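Okay, so here's the structure we're looking at.
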Amino acid sequence: MHDAFKVYTVIEKLPHKIESIFAQGDKLYVGTLYGTLLVYSVREPLGQDEAISVTLMETLKTFSKKAIEQIDLIKAVGVLVTLSDGYVNLHDLESFALRTQLGETRGANLFSVFSKIEIQDGFPQVVTRLAVAVRRKVIVFSWQDSEFMSTKDFPVPDRVRTMEWVGTQNLCMGFDSEYALMDCKTSVLTPLFSPTSPSAQGALGSTLESTLNTLNTFSSLATGGLMGFGSKPGKPLITRLPNDEILLGKENSSISVGVDGMPKRKNGIEWSGMPEELGYSSPYAVAILSRHIEIRNIETRALVQSAEMPHARLLTQGKLLYIASTSEVWRLIPYSFPQQIDELVQKEEYQEAISLINQINPVLLDETVDTLGKIKTLYAHHLFRTHHYEESLTLFSELDTPAAEVIGLYPAVISSHVPPKEPEVVSPKSGDVDVKDANAKNTQPIIMSTKELEDAVECLIRFLADKRQKISKSLQTLQNNHDSFSYRHSNQEDEAEDYLHTLEIVDTALLKSYMMTHERLVGSLLRVNNHCNPDETESLLLKHKKYKELVDFYRGKQLHRKALELLQTIHVNPGDMQGVLPTVNYLQRLGVDHLPLILEFGTWILELDPAVAMKIFIDDEPEIDTLPRYKIMAYLERLSLDLCVIYLEHVIHELGDKTSDFHNTLVVSYLAQIQRDSSTPGNEEAIVKTKAKLLQFLDESTFYKAERILSRLPVDSCYEERAILLSRIGQHDQALNIYVHKLNNFQAAEEYCIKNFNSNDPTKNVYLLLLKVYLRPPNREKPMLEPALDILTRHGTHIDPSAVLSLLPASTRIDQLFKFFEKSIRESNKTKHMDMIVKNLLKAERLQTQEQLTFYRSRRVKITEDRMCPKCNKRIGNSVFAVFPDGVVVHYSCKETMAAMGHWRT
């Protein structure tokens, strides 16, 4: 509770019994039981310490013969409206002389006045309506500006006990046991909250039946402030609220209803007793109870203030709040809203302060928006101190409170990286509240149990995730705007730095929160782009042995050396990071920019587990393809011959690299392996395997330099390799000599000839060279006639017979050459016949070509002066032209277009 109003006794011990009161401006009108009208002049206090001054100006003893039951005025027509002796009377507002007595109102017990500016025909006009309850009907009088317009009668099912205008055309009426809304244009009467009696069914019309079931549901909502609406009926009470709302009272409850008859607020007001009268002075509802008055916030329903006012029975509505008993009148003057807000803040009633600011006109409070935000911030801190973490963090998020301020509320396990910071909270400008106490409370450490801390951290995670998204979006927008200009703004750079600093605070706190409640989410945070503080993160993850997550963090921060050193240190530890594979996977994704690191940290892996380590250089990863192959080859060559061979085989066979140096190096490496293994007994199998790969490679590859390899071959071995290399440089005779005289492999020599024979180059006839090797052996050895005759028998058709005869020894028998001569003669005849056929075919083709040429030469086209191009419709004249096969003549430049249209090409 707080002091919303200051209570003054303005009239006391009045000898006349008060029946009605009304206040307007600086005038207070009091109607008595015996018809006397008392008019008081009111001087408002200039300050909070000054009392209100009320002076009796006029005593009109003969104003009415009977009690003045109700007073109001119609300012637009300058009349004072009173209800007395069952009539509504209109008096002059200045002289109080009776202007007219509304005869239609005979038997009236109640009236209600409403004035509002309406736009009619495009012009603003003051429209005033006076509703008078007369027995079981309501009479409505209308004025437009100062002219009387019309009178309408509306039947009602029961005597009206109270009524108020809702909007410009609806009346809310209270009967003995129910409320109803009446549309004064359509005459439709809609009941509220309680069923109607059968006798009233006809008068209420068809609208009642369609709306009754819906509206009756509100009578069962005890939490909505409607408890008691279905119980014993009490005095009906109606109070007009802003925005076309009305406050209905019955028993101990009140609820606001809109012009559509539906409740406008979720919950109603519960009074401590049964109200005898209801009033409203923004933003408070006022109720007169049996022994005191209660003032409640219309929005929060909280009790704001209560005051003892013996026998109070009447009150006015609106800004000028007067309350009267039969002999006394009190005035409730509101304290200034800044002062009320100060008091609420001092008492830590922040919800009330926020509600008050939201309801009042901003002009009544300086810097309203700023003040509202600061009080909400205080409220959020208060909620946090009282362990309402979800509500607190939700409010902090709505306020967009700096992340450092919120994180600083948590224990050091979460907030150690954020220095405590006092929130900048200032009381309203005109108030005198010292906010140091509030700020001191906000900075005091909060003691939490383990369960409370976990709950608070859960709420913090949601806050930080939302904050992180907002800041990242703002930073991205700032960077996009920065990129769109060719120059840089220093303030933009400062703003970007602030964003990055805040993101560091947020992400580090989010990491600590995950470590406390959701360890499984730590990896997902560190694998994406984050701004966690490196030192804090490193210390925290090492403490909890989160090595995999720490490696991911190092990678994201480009701290590759730290990551690799950690992997090297922990590779012997049990767990997911055991062995060399994690390091291999890390190195694979570094790429060419970090080649020195790859080579540096790849060494210990290659020495420890070469088979797995080679995946650094030969796996199917895009980053591996960017590595410089020359440098990798040289690096592996220094470490291990075998690893170099593996790498070169991958580069050549898998990646299809045709670089000559790689092919040369692979051949040399094979030779080196053979030489190394030959020096150690027991490596025969490895030698055979390597030799087979070498021979296959020499035979299939065409990118190595044979001359360079030959110089590296040993003189007394590697004859097959030498033969292949000699064949690559065209030294077929030397290659065949090796097969015949060094290897004694006649079949290999024959296969060599089959492979290298070229019928288009008779000067390098390998069969003839092989025949010479057989028949002209070195060192005057005996000719090898038998393998020579075998070659002649199988491939003699590829050798010139005269050359064969010159090589054969004189002792050779004719019968040994029978098959050779037979095949040679047949091949010669076959070649001759084929040449004759080809000759005749070419001759026939020549004759056909000559005939076609003669035909085309015989065609003629006559170009006259009138000859037009069918494409452009211009004369051909002396222009270059083209003729289609169908005789169409066009400009040469129009030829392609005509061809595309379907004409044949020339």
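How many residues does segment 130-186 hold that are exposed (fewer than 15 other Cβ atoms within 10 Å of the Cβ) and among the hydroxyl-bearing types (S, T, Y)?
So the count comes out to 4.
With respect to G523, determine if the residue is closer than 21 Å to E621 by Cα, touching a residue at least 24 places away in the same chain (Cβ under 8 Å) and of a type in the set (G, A, S). Steps first, answer last, please.
On the way: closer than 21 Å to E621 by Cα: no; touching a residue at least 24 places away in the same chain (Cβ under 8 Å): yes; of a type in the set (G, A, S): yes.
No, not satisfied.
For segment 791-906, give me every one of the helices (runs of 4 or more DSSP H) that falls completely inside it and has 2 or more residues that are in contact with a helix residue (DSSP H, G or I) (Cβ under 7 Å, 6 or more places away or on another chain). Steps first, answer last, please.
Numbers: elements: 801-807, 818-857, 895-900.
Once the helices (runs of 4 or more DSSP H) in segment 791-906 are filtered for at least 2 residues that are in contact with a helix residue (DSSP H, G or I) (Cβ under 7 Å, 6 or more places away or on another chain), what remains is 801-807, 818-857.
Looking at this structure, is V126 within 20 Å of C184 (Cα to Cα) and hydrophobic (A, V, I, L, M, F, W, C)?
yes
Considering each residue of segment 385-417, count those that are surrounded by 19 or more Cβ atoms within 10 Å (Cβ to Cβ), more than 22 Å from I471 (Cα to Cα) and modelled with pLDDT under 95, and give that number.
Summing the residues that are surrounded by 19 or more Cβ atoms within 10 Å (Cβ to Cβ), more than 22 Å from I471 (Cα to Cα) and modelled with pLDDT under 95 in segment 385-417 gives 0.
Hey, among the residues in segment 6-48 that are among the hydrophobic types (A, V, I, L, M, F, W, C) and touching a Lys or Arg at 6+ places or on another chain (Cβ under 6 Å), which one's surrounded by the fewest Cβ atoms within 10 Å (Cβ to Cβ)?
So the residue we want is L33.
Within the set of pairs 6+ apart or on separate chains, which have a first residue in segment 815-834 that is at pLDDT 75 or above, a second that is assigned to a helix (DSSP H, G or I) and not hydrophobic (A, V, I, L, M, F, W, C), and C-beta atoms under 6 Å apart?
Filtered contacts from segment 815-834: K819/T793; F820/G796; K823/G796; K823/T797; S824/G796; S824/P801.
Tell me, please, whether a residue that is out of contact with any strand residue (DSSP E or B) (no Cβ under 8 Å at 6 or more places or on another chain) and not in a helix (DSSP H, G or I) can be found in segment 324-335.
So far as segment 324-335 goes, no, none of its residues is out of contact with any strand residue (DSSP E or B) (no Cβ under 8 Å at 6 or more places or on another chain) and not in a helix (DSSP H, G or I).
Which residues, taken from segment 316-363, are at pLDDT 90 or above, surrounded by fewer than 19 Cβ atoms within 10 Å (Cβ to Cβ) and of a type in the set (A, V, I, L, M, F, W, C)?
I333
Determine whether segment 336-353 contains at least one residue that is assigned to a loop (DSSP other than H, G, I, E, B) and under 38 Å from the mean Cα position of the chain (by Cα).
Among the residues of segment 336-353, at least one is assigned to a loop (DSSP other than H, G, I, E, B) and under 38 Å from the mean Cα position of the chain (by Cα), which makes the answer yes.
T239 - would you say it is among the hydroxyl-bearing types (S, T, Y), modelled with pLDDT of 50 or more and under 27 Å from N358 (Cβ atoms)?
Working: among the hydroxyl-bearing types (S, T, Y): yes; modelled with pLDDT of 50 or more: yes; under 27 Å from N358 (Cβ atoms): yes.
Taking the combined requirement at face value, the residue satisfies it.
Do we find that V132 is at pLDDT 90 or above and over 26 Å from V39 (Cβ atoms) in this structure?
no
Going residue by residue through segment 704-722, is there one that turns out to be in contact (Cβ under 8 Å) with a residue 24 or more places away in the chain, of a type in the set (A, V, I, L, M) and farther than 27 Å from F617 by Cβ?
Yes, segment 704-722 contains at least one residue that is in contact (Cβ under 8 Å) with a residue 24 or more places away in the chain, of a type in the set (A, V, I, L, M) and farther than 27 Å from F617 by Cβ.
The values are calculated or read from the model by the stated rules, or taken from the named source; none is laboratory data. All values reported here derive from a predicted model rather than from experimental measurement. Virtual Cβ from ideal backbone geometry, glycine too; neighbours counted across all protein chains shown.
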